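Some notes on the structure that comes next.
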There are 2 protein chains.
Amino acid sequence: MGHRESPTGWGYMPARIEDVAAHAGVSTKTVSRVLNGHPSVRATLRTRIEASIRALNYVPNPAARGLAGNRSYLIALLYDNPTASSSYIMELIVGMLQACNGTPYNAVLHPFHAADDLAARIDGFVATHRPDALVLVPPHANNAKLLQRLDELDIRYSTISSKLRQSRIDIGFDERRAAADIIEHLLSLGHRRIAHVSGLKGHGAQVWRLNGYRDALRKAGIEYDESLVVEGDFTFASGAAGAKALLSRRRPPTAIFAANDDMACGVVREAYERGLAIPDDLSVCGFDDTPVSQLISPGLTTVRQPCREISCLAVESVLQSIRDPAMSLKARVPYQMQLRASTAKPAKP
Amino acid sequence: MGHRESPTGWGYMPARIEDVAAHAGVSTKTVSRVLNGHPSVRATLRTRIEASIRALNYVPNPAARGLAGNRSYLIALLYDNPTASSSYIMELIVGMLQACNGTPYNAVLHPFHAADDLAARIDGFVATHRPDALVLVPPHANNAKLLQRLDELDIRYSTISSKLRQSRIDIGFDERRAAADIIEHLLSLGHRRIAHVSGLKGHGAQVWRLNGYRDALRKAGIEYDESLVVEGDFTFASGAAGAKALLSRRRPPTAIFAANDDMACGVVREAYERGLAIPDDLSVCGFDDTPVSQLISPGLTTVRQPCREISCLAVESVLQSIRDPAMSLKARVPYQMQLRASTAKPAKP
DNA sequence: GTCAAATGTACCAGCGCTGTCAATAGAAAA
DNA sequence: TTTTCTATTGACAGCGCTGGTACATTTGAC
């Protein structure tokens, strides 16, 4: 059942396409057509063959398929090793696994240190692993030379939250709008002096989130005060440093919006060091809804970035683009505000 | 260089073993021997062939290798989807990637919901992906039926922190000793009423960490008080619930040791809700040193579980066991205490 | 009933590599 | 010098699947 007895009588040998063909009384080529979704197979025959496949418990051998069809059935997630937050990557890979589920494709991780010669080093990577497609996240997703090299090598890819127009397939969410939403939440609580610890320059996320911050202030008729924005780099330490600068002002802000959760944790740390209570003395918001935002006390108000949906869609569309090279897609998936206890009405000033 | 021009004159065709053989003036088989580290190739020839490989920038095609050698060059990490902490898994996979680096092997993740029929479902997984080896973490690493099934299927595996003797290759660290260390740290600060929120029953980690706690108390001549130990399940919520019970006692503990970081965060949350200051009113310790332990305020005293080293070793040894099926290894890698600000001298009682 | 399109079969090469086994060379033994 | 032996090396047949060509059969349109 579902396997041939091996000649030695020991161990199982999985069924081959030939066995399925024999079982269904057709040629191997026809089975192959069914397997690969080729259209010209009559519905009745198709069902019969599918039944045989199930009966024999047949699963095509990926290596054989790959060799014959010059494919690897591998989709690699390229991320920047030290920079990328591990929970972010983990969420992405889970979404990718979900998208690969039921397909012959396999998702693999590939950390890649961002550096000048990345576009060159990619050649070695491609030669070694021959992925059928790539999924890129920032900062790689914003590396124009890298994308160009991939185009030259004729490797399909999709990007996540890229700021480059060059990328034919990009998935993200409306970060600007989400940042504005979170500021509006603070405004609605009564905050007027709202500071921002921004992200690393070069990331789209830095600009979008900053712009959303400005949008909301403008809409509320509050003048933009450049001195209330300090530059961070998405790390905990930079968040703490940013908060230190902001809270040392003569008139410190009543709320700080950090461009990601790690930096928000840094802000919380600095407040803790100064004996400021959150949210009573200072409201804090993050961005991304990484696991830490629920583990920290008080819980962090943040925006849930729909990582799994994004990476799942990124994989689905890049697979589609293998069939249809002309395909192009810029998708924005819905996000969600997560209101937790780190934000509240400001104390009387 | 390093590729043939494609017949169409468009795109690159990577070098094949045949090209290397021609370049070095030997047969393809001899090149293959060099590639696979077969001993019977004369040193001078070997160097010449290696030079040709570099000159042509040759990288073997994994699909062809896999097909011919009946291998997939895939090593899967099997983990339990909802239970496993994502940062733990992420650390493990990073270690696995490191071990695979420079080998033809690829590490893939495979979430697998723990359930009664897991040992049966594994067959389908193996048929589909044909991994050459598996790395199992708890709870799968403690699933005797599963390991037995893998033995029957003749699939190599290594386990991480398994409590089963059945596993031929297991990597972990001395959790009992580490837990004792952390309790000794609390004792040295002057704590005497130390509580413990234990892990999920069935995990080795639950027993080892609890035993370490008891070891240290016994050594200090403190009688074991069962009522100071509450049962958790490694989740944040169970940590908070455990702390709630402990802190509601007439004489609450001055320190709480949670069996992992997530639960320690739950303890911190409960303290926060009650307005207890950490570490002044309550010292808290975690276990594992997940990223959150640095992000939370105050920083969490914990034990650094050397995840990357563990998973790296797990992969290296399971690969070795493919060559040498008789191989067996029970390794305990060194761990490290991380003293942070969540522990301090107890306030006067 | 005729013709074209749709559908299916048969067959074979070949993807790039490794396993098997035979062949060869060089060294040791006679 | 010849023989024997072992260490090296090579020839060849696939691994299981897909792509292509060539042809057979069915279907539906006219």
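Would you check which residues across segment A:289-305 are within 12 Å of A:Met337 (Cβ to Cβ) and surrounded by fewer than 24 Cβ atoms within 10 Å (Cβ to Cβ) and list them?
A:Arg304
Quick check, is A:Asp215 among the acidic types (Asp, Glu) and in contact with a Ser or Thr (Cβ under 9 Å, 6 or more places away or on another chain)?
no
Filter segment A:90-105 down to the residues that are at the interface with chain B (Cβ under 7 Å from one of its Cβ atoms) and without any contact (Cβ under 8 Å) to a residue 40 or more places away in the chain and list them by number.
Result: A:Met90, A:Leu97.
For segment A:116-125, give me each residue that is surrounded by fewer than 20 Cβ atoms within 10 Å (Cβ to Cβ) and either in a helix (DSSP H, G or I) or facing chain B (nearest Cβ under 9 Å) (or both).
A:Leu118, A:Ala119, A:Ala120, A:Arg121, A:Asp123, A:Gly124, A:Phe125 - these are the residues of segment A:116-125 that are surrounded by fewer than 20 Cβ atoms within 10 Å (Cβ to Cβ) and either in a helix (DSSP H, G or I) or facing chain B (nearest Cβ under 9 Å) (or both).
Looking at segment A:279-304 only, could you name the residues that are at the interface with chain B (Cβ under 9 Å from one of its Cβ atoms) and either over 28 Å from the mean Cα position of the chain (by Cα) or not in a loop (DSSP other than H, G, I, E, B) (or both)?
Scanning segment A:279-304 gives A:Val292, A:Gln294, A:Leu295.
Any residue at all in segment A:129-136 that is surrounded by fewer than 20 Cβ atoms within 10 Å (Cβ to Cβ), within 14 Å of chain B (Cβ to nearest Cβ) and not in a loop (DSSP other than H, G, I, E, B)?
yes
May I ask you to verify whether B:Thr343 is modelled with pLDDT under 95, among the polar types (S, T, N, Q) and surrounded by 24 or more Cβ atoms within 10 Å (Cβ to Cβ)?
Against the criterion (modelled with pLDDT under 95, among the polar types (S, T, N, Q) and surrounded by 24 or more Cβ atoms within 10 Å (Cβ to Cβ)), B:Thr343 does not qualify.
Is it the case that some residue within segment A:65-78 is within 12 Å of chain B (Cβ to nearest Cβ) and modelled with pLDDT under 85?
No, every residue in segment A:65-78 fails to be within 12 Å of chain B (Cβ to nearest Cβ) and modelled with pLDDT under 85.
Between B:Ala205, B:Ala195, which is closer than 30 Å to B:Leu136 by Cα and not assigned by TED's automatic domain parsing to the domain that holds B:Ala141?
Result of the check over B:Ala205, B:Ala195: B:Ala205.
Between a residue in segment B:59-85 that is free of Cβ contacts under 8 Å to residues at least 40 places away in the same chain and any residue that is outside any loop (DSSP other than H, G, I, E, B) and more than 14 Å from DNA strand D (Cβ to nearest atom), which pairs come within a Cβ distance under 7 Å, given they are 6 or more apart or on different chains?
So the pair list comes out as B:Asn81/B:Pro111.
In segment A:143-251, which strands (runs of 3 or more DSSP E) lie fully inside it and hold 1 or more residues that are under 22 Å from the mean Cα position of the chain (by Cα)?
A:156-160, A:169-172, A:194-198
Among the residues of segment B:202-250, which ones are among the polar types (S, T, N, Q) and either closer than 19 Å to B:Ile183 by Cβ or free of Cβ contacts under 8 Å to residues at least 24 places away in the same chain (or both)?
Hits for segment B:202-250 are B:Gln206, B:Asn211, B:Ser227, B:Ser248.
Of (1) in the same structural domain as A:Thr103 (by TED's automatic domain parsing); (2) in contact with a Phe, Trp or Tyr (Cβ under 8 Å, 6 or more places away or on another chain); (3) crowded, with 21+ Cβ neighbours inside 10 Å, A:Leu319 satisfies all except one. Which?
(3) is the only condition that A:Leu319 fails.
For segment B:1-50: of the residues being within 13 Å of chain A (Cβ to nearest Cβ) and more than 9 Å from DNA strand C (Cβ to nearest atom), which is modelled with the highest pLDDT?
My answer is B:Tyr12.
The values are calculated or read from the model by the stated rules, or taken from the named source; none is laboratory data. Remember, it's a predicted structure, so these values are computed and weren't measured experimentally. Heads up, the Cβs are rebuilt from the backbone with ideal geometry, glycines too, and the neighbour counts pull from every protein chain shown.
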